[in-house]
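Peer 1: Provided herewith is a single structure, encoded as structure tokens, for subsequent inquiry.
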């Protein structure tokens, strides 16, 4: 009973602190987000616009007091490649933009292209949008991504397609791995840790924490394999490596995109 009374004030203090901190981070995000938005609207080339967004992302995490650490960054190829990472939070895209070299183009669900300001900013930094629910539109998006990869563009994907509230690594869809196999590019698995804690699903304000980005050894290209075998092999191996490093349950039987599609229907 006494212990409960002692813990109660500390719980209140912690809650108040997290609210104040979360509001501060939100203000910092709006400051750097709007600054980056205005800067990328200026008539700079795509490389400069990407560097602006990269710098704004790193500055945001530094000023917000969110510790960002990249492990084994030397394993990231200097040339074209396909990066695949687990997805756990709305912070993940900003984390990768801050952590990866500015040259990367991010593959993002098409819904974000309709978000005011954010959609325009993402287009201005060369993000690629894909339709997850319309098969015909999705096929056109895939052909566009193949051309970009074939031209030497480094691409970053969240192969789960979306994230769920529960901890774990969901099913990987084959799009990223098909592109890598078609254009003979290495696949680089990345593990994001900490974003689910800092800003989990259903939470509006972030809380203090550390975010680690662990670069794992590249896979492929698998030139000696049939195309279809190479896709399956790289997809399953990337999933296994990320799962082992992540330390969360295997939710590969759960298809997050199918669940979203079912809710919409």
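Peer 1: Which condition number does residue 64 fail, the rest of (1) more than 18 Å from the chain's Cα centre (by Cα); (2) farther than 19 Å from residue 179 by Cα; (3) surrounded by fewer than 17 Cβ atoms within 10 Å (Cβ to Cβ) being met?
Peer 2: Going through (1) more than 18 Å from the chain's Cα centre (by Cα); (2) farther than 19 Å from residue 179 by Cα; (3) surrounded by fewer than 17 Cβ atoms within 10 Å (Cβ to Cβ) one by one, residue 64 breaks only (3).
Peer 1: Where the second residue is surrounded by fewer than 22 Cβ atoms within 10 Å (Cβ to Cβ) and not in a helix (DSSP H, G or I) and the first is without any contact (Cβ under 8 Å) to a residue 24 or more places away in the chain and lies in the stretch 166-188, which pairs have Cβ atoms under 6 Å and are six or more apart or on separate chains?
Peer 2: none
Peer 1: Provide a single number: the residues in the stretch 101-121 that are within 21 Å of residue 44 (Cα to Cα) and out of contact with any strand residue (DSSP E or B) (no Cβ under 6 Å at 6 or more places or on another chain).
Peer 2: Qualifying residue count, the stretch 101-121: 8.
Peer 1: Within the stretch 143-159, how many residues turn out to be modelled with pLDDT of 95 or more and farther than 18 Å from residue 221 by Cβ?
Peer 2: Qualifying residue count, the stretch 143-159: 1.
Peer 1: Which of (1) within 17 Å of residue 88 (Cβ to Cβ); (2) at pLDDT 95 or above; (3) buried (at least 16 other Cβ atoms within 10 Å of the Cβ) is the odd one out, the single condition residue 234 does not satisfy?
Peer 2: The number of the failed condition is (1).
Peer 1: Another question about this same structure. So if I check each of 239, 227, which one is farther than 20 Å from residue 101 by Cβ and under 18 Å from the mean Cα position of the chain (by Cα)?
Peer 2: It is 239.
Peer 1: In the stretch 253-261, is there at least one residue being touching a strand residue (DSSP E or B) at 6+ places or on another chain (Cβ under 8 Å) and at pLDDT 95 or above?
Peer 2: no
Peer 1: Tell me which residues, restricted to the stretch 175-207, are under 20 Å from residue 246 (Cα atoms) and surrounded by fewer than 20 Cβ atoms within 10 Å (Cβ to Cβ).
Peer 2: 197, 200, 201
Peer 1: Filter the stretch 90-115 for residues that are more than 24 Å from residue 141 (Cβ to Cβ) and in contact with a helix residue (DSSP H, G or I) (Cβ under 7 Å, 6 or more places away or on another chain); which is surrounded by the fewest Cβ atoms within 10 Å (Cβ to Cβ)?
Peer 2: 91
Peer 1: Any residue that is at pLDDT 95 or above and under 29 Å from residue 236 (Cβ atoms) - is there at least one of those in the stretch 106-125?
Peer 2: No: zero hits.
Peer 1: Restricting to the stretch 39-51, count the residues that are surrounded by fewer than 21 Cβ atoms within 10 Å (Cβ to Cβ) and under 15 Å from residue 122 (Cβ atoms).
Peer 2: Qualifying residue count for the region: 3.
Peer 1: Restricting attention to the stretch 10-27, which residues are out of contact with any helix residue (DSSP H, G or I) (no Cβ under 6 Å at 6 or more places or on another chain) and under 20 Å from residue 60 (Cβ atoms)?
Peer 2: 18, 19, 20, 21, 22, 23, 24, 26, 27
The values are calculated or read from the model by the stated rules, or taken from the named source; none is laboratory data. Quick caveat: nothing in here was measured; it's all calculated off a predicted structure. Using ideal geometry, Cβ is built from the backbone for each residue, glycine included, and neighbour counts are taken over all protein chains shown.
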